[in-house]
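S.K.: First the structure, which I've put down as structure tokens, then a few questions once you've had a look.
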Amino acid sequence: AEVMRVLCFLALASVALCFPLDTDSTELIKSESWFSLMSWGKKDKTTICEDLDWRKVSFKKAMELPAAGLFTDLHGTAKWETSGMDVKDDEIYMIFDSLAYIGKTDQMMQYRDPNNVLITHPGEAESDFEAIQYSHDTDTWLIVREAVPTDEDETWAPYVVEAKINDDNTYDIVRECPADYTFDNSNKGWEGGLYFSKDGHRFFLGLCEGNHCEGGDKGKDKGNGMAILTKLKLDDDGKCLWEFVQEVPIPKEAEFQDYSDLAIYGENLAVVSQEESAVWIGKLDTELWEITGPGVVYNFPRDPHCEMIYCNIEGIVFLDEYRLMTSSDKAKSSQPYGCVDKDQSVQVFYLPSPLGNTTAVSGSNRGKPAVGRKAPVTV
């Protein structure tokens, strides 16, 4: 068998030399190294796609559309850095890091559907919006600005904008309140978050982008994700503050270099990472305010060479126990060209198994899944 493989390799080389092929065919032969040709018929498990039972830990794409394809009136912009998203009455509301608009579409996500609209606010340009949550108790929307300069030197704090959407597809800002938590890096603030109303109090769980809630090398120390629980305080003089309550560590099974958003369905909590092109799903206990594992790490689809193509997933929301919807930021100039096709878009993916019914998967970061209620979160 080894002799036959050698002869096949020599025969292919002779054909390439004696009978010039078209460019694509020649490149194909040149791309097949001696070692890859000698390994025909052998299964060399060298990538994550081969090391794992891929079907059990990867999403399947149901639909996808560039964010710019949703809307008829693009308001003169070609930059659609989609970030956070949430669901109300089966409609999807999304925000943009680069725009002060709120986009609205239904779950069909039809191209240029006139029912898809951009909800605007006068005078806003660059928004720094990273997360959006519907506040069911006040019929308002909470939108997170990642990091705003404070009065102290070289520190930044997240701000939560509370907005009311009007019938004419505009929104008004009700209040804008800082969070009682500061960062020393303007690009590593709150990337995502979740809102809860409980016992007459309003809570916001803000997700830090970097590990240890830090930037730099420490922020890339995998497996040290953190969320910050805050509670809204309103003073009689009109001042407001999302007061610090406690840090909520993300289990080390979510061994990510960065963290870009949170989503919840019943007790099931999803944490998404841009850098890893993956989602960890565990549980959130809102009595103890504790995130628990081991959970399961799921991967977004990859190309035939197992390279990442969903490199910039910023927002995530559960549609039901079977499906989740995501949004992607603009690809960075330093990223491979394979990332560009999926950037500035919205997607719907199917989970390999419904929440609570997934079989356990062995291997690093793969444990038994969380069992959650098949219903929207209520606290």
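The values are calculated or read from the model by the stated rules, or taken from the named source; none is laboratory data. Just so it is clear, the model here is predicted, and its values are computed rather than measured. A quick note on method: Cβ atoms are made from the backbone with ideal geometry, for glycine too, and the neighbour counts reach across all protein chains shown. Surface accessibility is based on the protein's heavy atoms, side chains included, excluding ligands, DNA and RNA. Shrake-Rupley method; radii C 1.70, N 1.55, O 1.52, S 1.80 Å.
S.K.: Using only the Cα atoms of the stretch 141-235, what do you get for the radius of gyration and for Dmax, in Å?
M.R.: 14.5, 46
S.K.: Which Rg and Dmax, in Å, describe the Cα atoms of the stretch 69-208?
M.R.: 15.2, 47
S.K.: If all Cα-Cα distances of the stretch 242-310 are sorted into 10 Å bins from 0 onward, what percent lands in each bin, rounded to whole numbers?
M.R.: The calculated distribution, bin by bin, is 20, 47, 25, 7, 2.
S.K.: Do you know the relative contact order of the stretch 191-325, to the nearest whole percent, from alpha carbon pairs under 8 angstrom that are 6+ apart? Intermediate values should be presented prior to the final figure.
M.R.: On the way: 324 pairs, mean separation 25.1, N = 135.
Computed value for the stretch 191-325: 19 percent relative contact order.
S.K.: To continue, here is another question. Would you pull out the residues with amide H under 5 Å of LYS233's amide H, same chain only if 5 or more places away, H placed 1.01 Å from N?
M.R.: LEU241, TRP242, GLU243
S.K.: Moving to a separate point now. Please identify every one of the GluC sites (Glu not before Pro) in the stretch 134-212 that sits in a loop by DSSP and has no more than 14 other beta carbons within 10 Å of its own beta carbon. Write down the numbers at each step before the final one.
M.R.: Numbers: sites: GLU146, GLU152, GLU154, GLU162, GLU176, GLU191, GLU209; in loops: GLU152, GLU154, GLU209.
Passing both the DSSP loop test and the Cβ count: GLU152, GLU154.
S.K.: Can you list the residues, at least 5 places off or on another chain, whose amide H is less than 5 Å from the amide H of GLU267, using H built in the peptide plane?
M.R.: ARG373
S.K.: Ranked by accessible surface with a 1.4 Å probe, highest first, in what order do CYS49, CYS306 come?
M.R.: Numbers: CYS49 35, CYS306 15 Å².
Ranked from most to least accessible, the order is CYS49, CYS306.
S.K.: Ranked from the most accessible area to the least, with a 1.4 Å probe and all protein chains present, what is the order of MET325, MET108, MET63?
M.R.: Numbers: MET325 0, MET108 115, MET63 60 Å².
The ranking, largest first, comes out as MET108, MET63, MET325.
S.K.: Are there any GluC sites (Glu not before Pro) in the stretch 247-340 that are in a DSSP loop and have at most 10 other Cβ atoms within 10 Å? List them by number. Write down the numbers at each step before the final one.
M.R.: Details: sites: GLU247, GLU253, GLU255, GLU267, GLU275, GLU276, GLU287, GLU290, GLU307, GLU314, GLU321; in loops: GLU253, GLU255, GLU267, GLU275, GLU276, GLU287, GLU307, GLU321.
Hits after loop and neighbour filter: GLU287.
S.K.: Rounded to the nearest 10 Å², what accessible area does LEU65 have for a 1.4 Å probe in the complete protein model?
M.R.: Accessible surface of LEU65 is approximately 30 Å².
S.K.: Further, regarding this structure: Which whole-number value in Å² is the accessible area per residue of the stretch 222-322, probe 1.4 Å? Write out the running numbers ahead of the final one.
M.R.: Values: 3690 Å² over 101 residues.
I get 37 Å² per residue for the stretch 222-322.
S.K.: Still on this structure, I have one more. Listed here are the pairs LYS188/LYS283; LYS60/LYS104; LYS56/LYS198; LYS198/LYS283; LYS79/LYS198; which of them are more than 27 Å apart at the Cα?
M.R.: Values: LYS188/LYS283 25 Å; LYS60/LYS104 24 Å; LYS56/LYS198 35 Å; LYS198/LYS283 18 Å; LYS79/LYS198 38 Å.
The answer is LYS56/LYS198; LYS79/LYS198.
S.K.: Quick query: amide H of SER83 versus all other amide H atoms, modeled in the peptide plane; which residues come in under 5 Å with a sequence gap of 5 or more or a different chain?
M.R.: ILE95, PHE96, ASP97
S.K.: Can you tell me how the stretch 71-132 classifies by the Cα gyration tensor, rounded, prolate or oblate, using a/c under 1.5 as the rounded cut?
M.R.: Numbers: a/c = 1.91, a/b = 1.28, b/c = 1.50.
Here the stretch 71-132 falls in the oblate category.
S.K.: Express in whole angstrom the spacing between the alpha-carbon centres of the stretch 55-85 and the stretch 135-151.
M.R.: 23 Å
S.K.: With both bridge residues required to lie in the stretch 155-255, what share of the DSSP beta bridges run antiparallel, to the nearest 5%? List each step's numbers first, then the result.
M.R.: Values: 30 of 31 bridges.
Antiparallel bridges make up about 95 percent of those DSSP assigns within the stretch 155-255.
S.K.: Enumerate the whole-percent occupancy of each 5 Å bin, from 0 to the last occupied one, for all C-alpha pair distances of the stretch 209-334.
M.R.: Each 5 Å bin holds this share of Cα pairs: 2, 10, 18, 20, 20, 13, 8, 5, 2, 1, 0, 0.
S.K.: Classify the stretch 277-364 as rounded, prolate or oblate, taking a ≥ b ≥ c as the square roots of the eigenvalues of its Cα gyration tensor: rounded when a/c is under 1.5, otherwise prolate if a/b is larger than b/c and oblate if not.
M.R.: Details: a/c = 1.99, a/b = 1.70, b/c = 1.17.
Prolate.
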